[in-house]
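Beneath this line is the structure, given in structure tokens, with notes to follow.
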Amino acid sequence: MIEPTRRGFLMATAIAATAPSLALAATDPYADSPFRKLTDADWRKRLPEPSYEVLRHEDTERPGSSPLLGEHRKGTFACLGCGLPIFKSEWKFESGTGWPSFYTYIPGALAKKMDMAIGVPRTEYHCAQCLGHHGHVFNDGPKPTGLRYCNNGLALKFIPA
Ligand SMILES: [Zn+2]
């Protein structure tokens, strides 16, 4: 009788894992945002082509290519798609990956989903307002969160304080 018990446990775990995102969807503060009504063609017109491919089609920029890697001024990193502030400069750190990296984000600015694009599960995250793709979050970041938000610089714009 081990198998049914184990299955029950896995089911409960799966439900627990999906419940927060369901709750989030029910209270989505940006559900009526005008950015949600833009078509793919609208986005193509609004964004520079490489940023459009990242934000709207989950492309990944070449590592080491982002000018934001060297951005060390005090300020805010906002979504290039809609302007929503996502990261503060004090949360940025040198990950050595070639992508701008942060250990946390402004509460409510990001939403997450599982991504199997490369055959292994990763947690994709996107702007909570316009749903534009930004990057993936990993468990090898620094204190205090231990998280690494690995972000495409093409999806961000820096606003100096
Ligand atoms: Zn956005």
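Considering only residues in the stretch 111-161 that are more than 23 Å from Pro50 (Cβ to Cβ) and of a type in the set (D, E, K, R), the one that is farthest from the ligand (Cβ to nearest atom) turns out to be Lys143. You will find that of Gly81, Gly96, Gly75, Gly70, the residue that is within 15 Å of Leu55 (Cα to Cα) and modelled with pLDDT of 95 or more is Gly81 and no other. Go through the stretch 45-70 and count every residue that is away from the ligand (no atom under 16 Å from the Cβ), over 17 Å from Cys150 (Cα atoms) and aliphatic (A, V, I, L, M). Residues that pass the stated criteria total 0. Once the stretch 71-110 is narrowed to residues that are more than 17 Å from Thr145 (Cα to Cα) and not in a loop (DSSP other than H, G, I, E, B), the residue that is nearest to the ligand (Cβ to nearest atom) is Cys79.
The values are calculated or read from the model by the stated rules, or taken from the named source; none is laboratory data. Given the structure is predicted, the values throughout are model-derived calculations rather than measurements. Cβ atoms come from the backbone with ideal geometry, glycine included; neighbour counts cover every protein chain shown.
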